[in-house]
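The block underneath contains the structure these notes are about, expressed in structure tokens.
The values are calculated or read from the model by the stated rules, or taken from the named source; none is laboratory data. The model shown is predicted, which means the values in this text are computed figures rather than measured ones. Backbone-built Cβ (ideal geometry, glycine too); neighbour counts: all protein chains shown. The protein model used for the area step is the full one, side chains on, heavy atoms only, and it has no ligands, DNA or RNA in it. Shrake-Rupley method; radii C 1.70, N 1.55, O 1.52, S 1.80 Å.
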Amino acid sequence: MADQAGKSDRVFKTAWFSKAARKAHIADDELCSAIRQVMLGQADDLGGGVFKKRLGKNLYRSIVLARGRQFWVYEYLFAKKDRANIGEDELDGFRQLAKVYTQLSAQQVDRLLREKDWFEICTPGRMP
């Protein structure tokens, strides 16, 4: 889970995702376990740094954005019963956002955390 240079992956959730996960009763430990599975290829790779992962005993789908596999961001959550999938226009938007995330500096990530736009869930050394 850590790359060859010794940098570890970090896992975040957006403020929006945090609220949606809380309503769906999806805890951070489940999100951390799911990211491990994503890292092992056990998710749908939608291309462009966008992944779809099942959560909540297969009742929910999450959209996860990867920044060069250096960090992962839970971006969107939807109930399987409410919709089958995201639309092509939404997928394009997530791909564009993943590109934006590749440009973020460490200082910008710190700012997102300070301003509570993102919440850090775990790193491999702290994953349950």
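For segment 27-47, the condition holds for at least one residue, the condition being that it is in a loop (DSSP other than H, G, I, E, B), open to solvent by less than 70 Å² (accessible area, probe 1.4 Å) and at pLDDT 95 or above. Looking across segment 53-90, the residues that are among the charged types (D, E, K, R) and under 22 Å from residue 104 (Cβ atoms) come down to 53, 67, 69, 75, 90.
Working only within segment 115-128, note down all residues that are assigned to a helix (DSSP H, G or I) and open to solvent by 70 Å² or more (accessible area, probe 1.4 Å).
125, 126
State whether one or more residues within segment 107-114 are on the phi > 0 side of the Ramachandran plot and either in a strand (DSSP E or B) or open to solvent by 70 Å² or more (accessible area, probe 1.4 Å) (or both). No, segment 107-114 contains no residue that is on the phi > 0 side of the Ramachandran plot and either in a strand (DSSP E or B) or open to solvent by 70 Å² or more (accessible area, probe 1.4 Å) (or both).
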